[in-house]
1. Restricting region 133-158 to residues that are under 23 Å from S216 (Cβ atoms) and aromatic (F, W, Y), which is modelled with the highest pLDDT?
2. Only one of (1) free of Cβ contacts under 8 Å to residues at least 40 places away in the same chain; (2) assigned to a loop (DSSP other than H, G, I, E, B); (3) more than 33 Å from the chain's Cα centre (by Cα) fails for D243. Which number is that?
3. Do you know which residues across region 333-355 are more than 22 Å from the chain's Cα centre (by Cα) and within 30 Å of T241 (Cβ to Cβ)?
4. Out of F58, F43, F20, I need the residue that is touching a strand residue (DSSP E or B) at 6+ places or on another chain (Cβ under 9 Å) and aromatic (F, W, Y). Which one?
5. List, please: which pairs have Cβ atoms under 8 Å, are six or more places apart or on different chains, and start with a residue in region 255-280 that is on the phi > 0 side of the Ramachandran plot and end with one that is among the charged types (D, E, K, R)?
6. Condition check: farther than 14 Å from P235 by Cα, surrounded by 15 or more Cβ atoms within 10 Å (Cβ to Cβ) and hydrophobic (A, V, I, L, M, F, W, C). Does I305 satisfy that?
7. Sort out which residues of region 23-40 are in contact with a strand residue (DSSP E or B) (Cβ under 8 Å, 6 or more places away or on another chain) and closer than 14 Å to Y178 by Cα, and write them in order of number.
8. Which members of region 133-157 meet the condition of being aromatic (F, W, Y) and open to solvent by 80 Å² or more (accessible area, probe 1.4 Å)?
Amino acid sequence: MQPLEGITVLALEHAIAAPFCTRQLADLGARVIKIERPDGGDFARAYDERVKGMSSHFVWTNRSKESLALDLKAPQSQPILAKLLAKADVLVQNLAPGAAARLGLSFEQLHAQFPQLIVCDISGYGDDPVHAGPYRDKKAYDLLIQSESGFLSITGTPQQQVKAGCSIADISAGMYAYSNILAALIERQQTGLGRRIDISMLESMTEWMGFPLYYSFEQQAAPPKSGAAHATIFPYGPFATGDEKQVLFAVQNHREWCLFCEIVLEAPDLANNPHYINNSSRIENRALLTAIIVKKFAQHTQREIIALLEQAHIANAGVNTLADLWQHPQLQARQRWDLVDSPVGPLPALKPVGRTAPEDYQMTAIPALGQHTAKILAELALD
């Protein structure tokens, strides 16, 4: 039996944050009914056509769900929603702030009739009517929250701010929604009652900003922007090799620094040079040390440098492309890829993280818009 087998989730969702949350629930066996507008559905369906004509975003976040095409503003939708809510355990929505309430779908409006229902609201800045805050009604997309949370101020180079290459604000909100829903399901086993969960993308990203936030405590300077290198530890970052590739490695303490000098740089005396004796000195003399490392690495291939780093027990990684990741030998060895069906045929998908045995998770098809409408209405004894 899958962990969430028997749990039904209604999803009034679009874009990434809520769909990413509900896909995690679906992976663990929950039945997720995705309610979509009949005229186009989730707008993430049309973000791009990179996966055999389907959107990369939609393929990523919507496997193992059922699609119900329903106009929530039409009077005919109300009895359908009422029957679905009576059977549901969780309602997840990331409509604009206040939109669910206008549809009669806030926790306060639903709790008396459906006391078992857990309602999870995901928004940019929080949708609590009591503690609304001045930003409650601002539009909030992933990059906007990366900016508002201060993430852009610490990412990039001294010359240019750089966003994260994936949707980290959406992902963080989706994962906090997921973990809070699991906690609410456990709580409901004790109380028999659902609860409201109010997830803010800004608050999710602020939590993730913890180290830089405390590093700059009481008006101290923020960590410097240092590209792909660590802002406050050196050497810790990518360096070019002689075959026009790169290796990223990290020296974390004095013992590793001595081994790095002896085995990788073949300059053991450098370990006790006062310019580089500790991390603060190495940060202060970063440019000088960088030149030494670059000169040495230029004499070797990526494979040779990685072998020396392994010999010295220095943590390291190849600087991989996305093409490399598809073929990563560790993912292949652990058999982490599977196939899911879709309207355009079978597609590769990563198995749910933390799950290995096939009976512990589900990976079923990515739905076409409205694919399950007739089936769901028939279950509800509706035409």
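The values are calculated or read from the model by the stated rules, or taken from the named source; none is laboratory data. Predicted, not measured: the structure shown is a model, and the values here were computed from it. Don't worry about glycine lacking a Cβ; one is built from the backbone with ideal geometry, like all the others, and counts go over all protein chains shown. For accessibility, only protein heavy atoms count, side chains too; no ligands or nucleic acids. Shrake-Rupley method; radii C 1.70, N 1.55, O 1.52, S 1.80 Å.
1. Within region 133-158, the match that is modelled with the highest pLDDT is F151.
2. Against the list (1) free of Cβ contacts under 8 Å to residues at least 40 places away in the same chain; (2) assigned to a loop (DSSP other than H, G, I, E, B); (3) more than 33 Å from the chain's Cα centre (by Cα), D243 comes up short only on (1).
3. Result: A333, single match.
4. It is F58.
5. Listed by first residue and then by second, the contacts come to E266/K296.
6. Numbers: farther than 14 Å from P235 by Cα: yes; surrounded by 15 or more Cβ atoms within 10 Å (Cβ to Cβ): yes; hydrophobic (A, V, I, L, M, F, W, C): yes.
Here the answer is yes, as I305 does meet what is asked.
7. Here is the first cut: in region 23-40, the ones in contact with a strand residue (DSSP E or B) (Cβ under 8 Å, 6 or more places away or on another chain) are 23, 25-26, 30-38.
R23, L25, A26, A30, V32 - these are the residues of region 23-40 that are in contact with a strand residue (DSSP E or B) (Cβ under 8 Å, 6 or more places away or on another chain) and closer than 14 Å to Y178 by Cα.
8. Of everything in region 133-157, those that are aromatic (F, W, Y) and open to solvent by 80 Å² or more (accessible area, probe 1.4 Å) turn out to be Y135, Y141.
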